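The values are calculated or read from the model by the stated rules, or taken from the named source; none is laboratory data. No experiment lies behind these values; they were computed from the predicted model shown. Quick reminder, even Gly has a Cβ in these numbers, built from the backbone with ideal geometry, and neighbours come from all protein chains shown. Accessible surface is based on the protein model in full, side chains and every heavy atom, while ligands, DNA and RNA are left aside. Shrake-Rupley method; radii C 1.70, N 1.55, O 1.52, S 1.80 Å.
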Amino acid sequence: MLIGYARVSTTDQHLALQTDALHAAGCERLYTDTVSGAKVDRPGLTAALTTCRPGDTLVVWKLDRLGRSLPHLVETVRDLIAQGVGFRSLQESIDTTTSGGKLIFHIFASLAEFERDLIRERTNAGLSAARARGRNGGRPQGVDQKKQKAALALKKEGTHSVREICAIVGIARNTYYKYTRAENQPMPSKRRTNAPKENQPAQAI
């Protein structure tokens, strides 16, 4: 069975172009979403993937209707193939149920892996260069200290809720509670010196 999936980003766009093409391709069931491709939660796609059974084929009008990115697209199609489900993209003429379609998909998978390696390599190179100049990755410590002082000062005023303080300072709720826990922690006690105990003679040096 051919199962179609269509998506548009906003309510101003129309699904008709995609759904007409999917019906013409022979899709018996259609699932749709009106949501940005960057969103993780896409109920229509979830329903389409859940409906697919071994021997079925998921059909989209265009590749970018399915994946949020090339790695996500490859991951989704790999999951389908592992379940015995085919994948077709009408505009790019990709069909993983054919030998030519499988070859094209493997090329996409190689490109996705290449993209991940490039990102990893650039990130590691940037961190190495920063360490060589005496800087570590992450946000400068002074920024966190200023935000912590501001959050604690607002807390002491007692006129703002936790949500308001987080919005004013620009921190997450978990960060706020981390700051307040650090404030309430007792100062570490000073270690006692190895002075001789009372009624005991000091050891000779």
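Specify which of the listed residues (Arg29, Arg65) is touching a residue at least 60 places away in the same chain (Cβ under 8 Å) and touching a Gly at 6+ places or on another chain (Cβ under 8 Å).
Within the list Arg29, Arg65, the selection yields Arg65.
Residues being open to solvent by less than 50 Å² (accessible area, probe 1.4 Å) and more than 30 Å from the chain's Cα centre (by Cα): count how many of those fall in segment 3-21.
Result for segment 3-21: 1.
For residues that are in contact with a Gly (Cβ under 7 Å, 6 or more places away or on another chain) and within 11 Å of Val59 (Cβ to Cβ), scanning just segment 81-95, find the one that is modelled with the highest pLDDT.
Asp95
Among the residues that make up segment 40-47, is at least one of them outside any helix (DSSP H, G or I), of a type in the set (Asp, Glu) and in contact with a strand residue (DSSP E or B) (Cβ under 6 Å, 6 or more places away or on another chain)?
no
In this structure, is Pro43 surrounded by fewer than 13 Cβ atoms within 10 Å (Cβ to Cβ) and either of a type in the set (Ser, Thr, Tyr) or without any contact (Cβ under 8 Å) to a residue 24 or more places away in the chain (or both)?
When the stated conditions are applied, Pro43 passes them.
Out of all the residues in segment 167-177, which are at pLDDT 85 or above and farther than 28 Å from Thr123 by Cα?
Tyr176, Tyr177
If Gly37 satisfies every condition in (1) at pLDDT below 80; (2) open to solvent by less than 60 Å² (accessible area, probe 1.4 Å); (3) part of a loop (DSSP other than H, G, I, E, B); (4) out of contact with any strand residue (DSSP E or B) (no Cβ under 8 Å at 6 or more places or on another chain) but one, which is the exception?
(4) is the only condition that Gly37 fails.
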